[in-house]
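Since every read-out is calculated from the coordinates, none of them should be taken as a lab result. Just so you know, these numbers come straight off a predicted model, no measurement behind them. Note that we place each Cβ from the backbone using ideal geometry, even for glycine, and neighbour counts take in every protein chain shown.
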Ligand SMILES: Cc1cc2nc3c(=O)[nH]c(=O)nc-3n(C[C@H](O)[C@H](O)[C@H](O)COP(=O)(O)OP(=O)(O)OC[C@H]3O[C@@H](n4cnc5c(N)ncnc54)[C@H](O)[C@@H]3O)c2cc1C
């Protein structure tokens, strides 16, 4: 089975995010970019299928800050081929519609059975990639996927519906799946393996010109206004612990 | 009168989800502003009809049998409903069905879409959406001006009571001509048993900030000292550090304890969906900008590794 894993970079949520000068995007100059955690789950699930002996994996990503690191790491983990799509502004906010158009334009020339991507990314203002990409390609899709296996010309998919309930369906291939979780936590690639990949493998670059806006006009981006918010407990760990202990006792929930 | 707002009930089996009523409540206000009717699309023909009195019209998607689900089949059904009713605004939730269909339907109809929406308004010719970005760390105001606009709304954004009213909507049957290459096979309910975190008066809840499964012992000791169960955010469950029945959130359990004590949880919308109604939320997170502090009543940025042992000690652990 030919699996394409579409990966992407995203501002690291651990960092403090600030708004840019015109107030319509985050300030991208000083943030660290990391790969989207759900794309990592998608890659892991693809690698598990390869371990089971039935998958050939291509990772593809749009040019974005530090994307080479993500692609080489994927190669070090066992992906067979890495492709970087260029021809757009790699520094800006690439909205879902454009991302899908660029990926679709490349996928239309490549051969694949399944495209896996993360169920969501934290800046998906204009919708999640899987459904948009599938519609552009005219193929089947499913989101919030927690497992799949191939059955001849179809894929049997498990989607989480909430509260632990799972929907099982069968989709004729090709299909695009938005992965929520892999069967195991993403594997680790050592620095040595990543270096080795950098020295022995290459990232294929393909220039694409395509776009397809889907989103509205962003008027303003801002951190949420404190709607009351939490009363912050100040002081040392011991002082804060004492305040919390009082709160717990005040609810009559513990004696000591 | 023309239909101006279409709400999708994401009911696959059983009751209509709470989100349906939240959307009906908001949808009826939007429909008034737009000067049209409110329609609700439902799968199948066997559904609790009297509960949908908040809508003017029910669009029955024939052929979408309740009790099973496949994205392409639902997509074909909802597309037929949209084509038949030509609404200005289509509302879904950010549940699995909305994540499945929002992007694909917007693409199919050439409309604009806003996701993770928490508020909606009409501004002249435009639909204004307020949406959460970056796990709730930013809010975006986005103006949609396409002839058909889509929004996927975070559950809990609008009061459900506004959408629960007794009316007698007329029913229209939508035939779905398209035959997608997919089969809806089965719905699997979660295994029961294990801990019931929904019944506990207090929860000690732990997130990815705990760092590793070895560190879990630390919070387990606090939970034991307080004689309450340990609950967790999704990454802790996905990493296999705690079993699934311990998960709080959209794809876990909805909890409402008297006290929800969280350590190392950022407060992503999918987590908040499961615990925002707790009576008292006390959050520990070293990042002062963590969205959990938006819903918490009390917060601290003290390191959990310093705070938890101090607390355990106070409760005789
Ligand atoms: C369809 C769907 C369904 C989902 N369902 C759920 C669900 O049911 N439940 C759920 O929880 N998530 C769910 N998620 C995932 C959700 O989007 C978030 O990824 C998740 O909630 C993040 O978990 P977290 O807060 O533990 O981790 P993170 O977001 O990584 O946060 C860890 C936090 O720990 C803090 N921290 C780090 N070290 C310390 C320290 N020493 N002391 C104190 N604080 C520290 C950090 O500042 C950070 O804020 C779902 C996602 C999707 C797409």
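The table below lists the values:
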{"quantity": "The stretch B:167-269: projected area of the alpha-carbon convex hull, averaged over directions, in nm²", "calculated": "11.4 nm²"}
{"quantity": "Computed lengthening from residue B:123 to residue B:183, 0.36 nm per intervening residue step minus Cα-Cα distance", "calculated": "17.5 nm"}
{"quantity": "Nearest-ten-degree value, helix A:96-107 long axis tilted from longest Cα axis of chain A", "calculated": "30 degrees"}
{"quantity": "Förster radius 51 Å - calculated FRET efficiency between residue B:303 and residue A:110, Cβ distance, rounded to 0.05", "calculated": "0.60"}
{"quantity": "Segment residue B:165-residue B:18, length gained on full extension (0.36 nm per residue, minus Cα span)", "calculated": "51.6 nm"}
{"quantity": "Value of relative contact order over the stretch A:63-180, rounded to a whole percent, pairs C-alpha under 8 Å and six or more apart", "calculated": "24 percent"}
{"quantity": "Cα centroid of the stretch B:161-218 to Cα centroid of the stretch A:80-155, whole Å", "calculated": "25 Å"}
{"quantity": "Neighbouring partner chain Cβ atoms per residue of B:149-156, average, 10 Å criterion", "calculated": "1"}
{"quantity": "Residues A:149, B:271, sorted so that the one with the fewest Cβ neighbours within 10 Å comes first", "calculated": "A:149, B:271"}
{"quantity": "222 nm mean residue ellipticity, helices alone, for the protein assembly as shown (DSSP H n ≥ 4; -39,500 (n - 2.57); rounded to 500)", "calculated": "-8000 deg cm²/dmol"}
{"quantity": "Most mobile listed residue (B:143, B:68, B:290) in chain B, GNM with C-alpha springs under 10 Å", "calculated": "B:68"}
{"quantity": "Inter-chain shielding of B:274-283 (mean C-beta neighbours from other protein chains, 10 Å cut-off)", "calculated": "2"}
{"quantity": "GNM top mover of B:131, B:223, B:114 - chain B, alpha-carbon springs below 10 Å", "calculated": "B:223"}
{"quantity": "Residue order, fewest to most beta carbons within 10 Å, for B:91, B:105", "calculated": "B:105, B:91"}
{"quantity": "13 Å cut-off, amide nitrogen to a point 7 angstrom out along residue B:147 Cα→Cβ, residues in the stretch B:102-131", "calculated": "B:109-112"}
{"quantity": "For chain B, share of DSSP beta bridges that run antiparallel, in % to the nearest 5", "calculated": "20 percent"}
{"quantity": "Semi-axis lengths, Å, the stretch A:2-207, gyration tensor of Cα atoms, sqrt of 5 times eigenvalues", "calculated": "25, 21, 17"}
{"quantity": "Neighbour-count ranking [beta-carbon atoms within 10 angstrom, fewest first] of B:217, A:45", "calculated": "B:217, A:45"}
{"quantity": "Percent RCO, i.e. relative contact order, over chain B, from Cα pairs under 8 Å lying at least 6 residues apart", "calculated": "16 percent"}
{"quantity": "Relative contact order (%) - criterion: Cα under 8 Å, at least six apart; region: chain A", "calculated": "23 percent"}
{"quantity": "Efficiency of FRET from Cβ geometry, residue A:246 and residue B:256, R₀ 35 Å, rounded to 0.05", "calculated": "0.95"}
{"quantity": "DSSP bridge orientation in chain A - percent antiparallel, rounded to nearest 5", "calculated": "40 percent"}
{"quantity": "FRET efficiency for residue A:1 and residue A:68, using Cβ-Cβ distance with R0 set to 25 Å, rounded to 0.05", "calculated": "0.40"}
{"quantity": "Residue-span extension gain [residue B:46 to residue B:195] - 0.36 nm each, minus C-alpha spacing", "calculated": "50.2 nm"}
{"quantity": "For chain B, built as a Gaussian network whose Cα springs stay under 10 Å, the top-fluctuating residue of B:86, B:251, B:213", "calculated": "B:213"}
{"quantity": "Label-point separation in nm, residue B:2 to residue B:220, each point 7 Å along Cα→Cβ", "calculated": "6.2 nm"}
{"quantity": "Label-reachable residues, the stretch A:140-177, where backbone N falls under 19 Å from a point 7 Å from residue A:206's Cα toward its Cβ", "calculated": "A:140, A:174-177"}
